[in-house]
1. Does segment 282-299 hold any residues that are within 25 Å of the chain's Cα centre (by Cα) and surrounded by fewer than 14 Cβ atoms within 10 Å (Cβ to Cβ), and which are they?
2. Go through segment 119-137 and report how many residues are surrounded by 14 or more Cβ atoms within 10 Å (Cβ to Cβ) and either over 21 Å from V90 (Cα atoms) or not charged (D, E, K, R) (or both).
3. What number of residues within segment 188-201 satisfy the criterion of being part of a helix (DSSP H, G or I) and open to solvent by less than 70 Å² (accessible area, probe 1.4 Å)?
4. Given (1) within 32 Å of the chain's Cα centre (by Cα); (2) at negative phi, identify the lone condition not met by F333.
5. Given the structure, is K432 of a type in the set (K, R) and part of a loop (DSSP other than H, G, I, E, B)?
6. Mind checking which residues of segment 66-114 are open to solvent by 10 Å² or more (accessible area, probe 1.4 Å), small (G, A, S) and over 26 Å from M155 (Cα atoms)?
7. Of the residues A214, A180, A168, A148, only one is touching a residue at least 40 places away in the same chain (Cβ under 8 Å) and open to solvent by less than 80 Å² (accessible area, probe 1.4 Å); which?
8. Which one of these does T279 not meet: (1) open to solvent by less than 40 Å² (accessible area, probe 1.4 Å); (2) touching a strand residue (DSSP E or B) at 6+ places or on another chain (Cβ under 9 Å); (3) of a type in the set (V, I, T)?
Amino acid sequence: MENPKKKKKTSQNPEAKFQFELNSCSKTKDLRGAISLYDNAVLNNTRLNQHHFNALLYLCSNSVADPSLKTTALDYGFGAFRHMSALGVVPNEASVTAVARLAAAKGDADYAFELVKDMGKYNNATPRLRTYDPALFCFCEMLDADKAYEVEEHMNGVGVSLEEAELAALLKVSARSGRADKVYEYLHKLRSCVRCVSESTAVVVEEWFCGAKASEVGEVEFDVGRVKEGVLRNGGGWHGQGWVGKGDWAVSRTSVGADGHCCCCGEQLVCVDIDDAETEKFAVSVAGLALEREVKANFSEFQAWLEKHDSYEAIVDGANVGLYKQNFADGGFSISQLDCVVKELYNQSGNKWPLVVLHNKRLRGLMENPSSRKLVEEWVNNGALYTTPNGSNDDWYWLFAAVKLRCLLVTNDEMRDHIFELIGSNFFNLWKERHQVHYTFIKGNLKLQMPPSYSLVIQESEKGYWHVPLAPGTSSESLICWLCITRPSDHDAVATVSNGVSSCLDSQVDENNATCISGKRKERSPPS
């Protein structure tokens, strides 16, 4: 049962009463009611704390979008912040974010940015993405590209990562300011940040490529070797060497076939891998963790062995394949399943043996059976088997080998358990998409599910073409809309976008039955 005296005391506390009523106004977005409460609290010398000011600042910053409330919200918001400072109430990140939003609404991006830069003088106040957004978006809207870049640089300095909305804004201000080098830079930052862009970002991309400035960038005479080297070094799908080609761009909305060919320009999209630096970092990370948890001499011996045997194109998780669907009466380790996988990989690769990684305890059991011993001896004689020692976890061995040798990994293990959580790599999923081969046995017949023929990510080809996937409106990947951006020759006309905007609902079928979706289409000469 509640203590009536305690309840009465709480209700008579002016600070608590103000807090409760202010929270009610915040929930109902009642700015005028909150201002009235605030004025009364000041008049009655109510002791104000950080939460009181933050609630009022939040309401003010959320009310500037209403023309009838904007002036009042700005006046009371800045006034409350000054009052907060005068009372010695220390702002936190929420306080600064709210005032930065007020400054941006007033068009004062410089003040919004200064607020963030001065946060270091407040205890335990660390800027977040939302704290920078008011200044960044305001500078972008004002087309002050240099100041926008300065905000980004400051964000990078404190470890705040940009997301699609921020990158799209920077891309837009760069395009409208004619900063072709920065447009190129932000296209690649988008590529690494998001897999599929939103419709609003797609329109920004279209507007750039359909503009006059875009047609001026690039060179006809470019170093083909350097571009090819960039593609290989970066894992495919982009070269990062700058604009390639010259002349007007053709922008289309289209689809991509199951085989990875663009239905508009015919370009083959690729399955994008992590780049050289990321691969090396990944391999070092896996090895470091393995050496901490395995018998160091054993894993070091494997590393040394792999340096001398580095020509494998596929690694097989032997235990995963051998134990596949063997959880039944009389079930055990199926060496026949493992042999099917080994032989299939051997045939597909042009008679190159894969490497089977298998624990030593499995090997002993297999050697006791004459038929399985014959297969094991065949693998050993062809250098297709590595057995991990007693007490080891063979997961570390097959994962390290696949990463280090940059080859395929045959396993149905989704790599979600504790040892893979230790890796904590944000590109682990991208690596798996490119390298993992799943398998199934249907009525005893093996089917290997190879990595996808192409990645659903922004791609830059050696020709300088760009392909940008839009976020799917449905769960069906076949319905995903792509921007196809090319520089065709006069005799290779393709669809172009009218005024930078086109609809995925308006489609046409070209002479090769490829669906090119666009707002405008170049005329073709009639067949002779």
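1. Answer for segment 282-299, where residues must be within 25 Å of the chain's Cα centre (by Cα) and surrounded by fewer than 14 Cβ atoms within 10 Å (Cβ to Cβ): just V284.
2. 12
3. Residues in segment 188-201 being part of a helix (DSSP H, G or I) and open to solvent by less than 70 Å² (accessible area, probe 1.4 Å): 6 in total.
4. (1)
5. In short, no.
6. Selection gives S68, G79, A86, G88.
7. Being touching a residue at least 40 places away in the same chain (Cβ under 8 Å) and open to solvent by less than 80 Å² (accessible area, probe 1.4 Å) holds for just one of A214, A180, A168, A148, which is A180.
8. Unmet condition: (2).
The values are calculated or read from the model by the stated rules, or taken from the named source; none is laboratory data. Being a predicted model, the structure only gives us computed values, none of them experimental. Here the Cβ is made from the backbone with ideal geometry for all residues, glycine too, and neighbour counts use every protein chain on show. Just the protein is used for accessible areas: all its heavy atoms, side chains included, with ligands, DNA and RNA removed. Shrake-Rupley method; radii C 1.70, N 1.55, O 1.52, S 1.80 Å.
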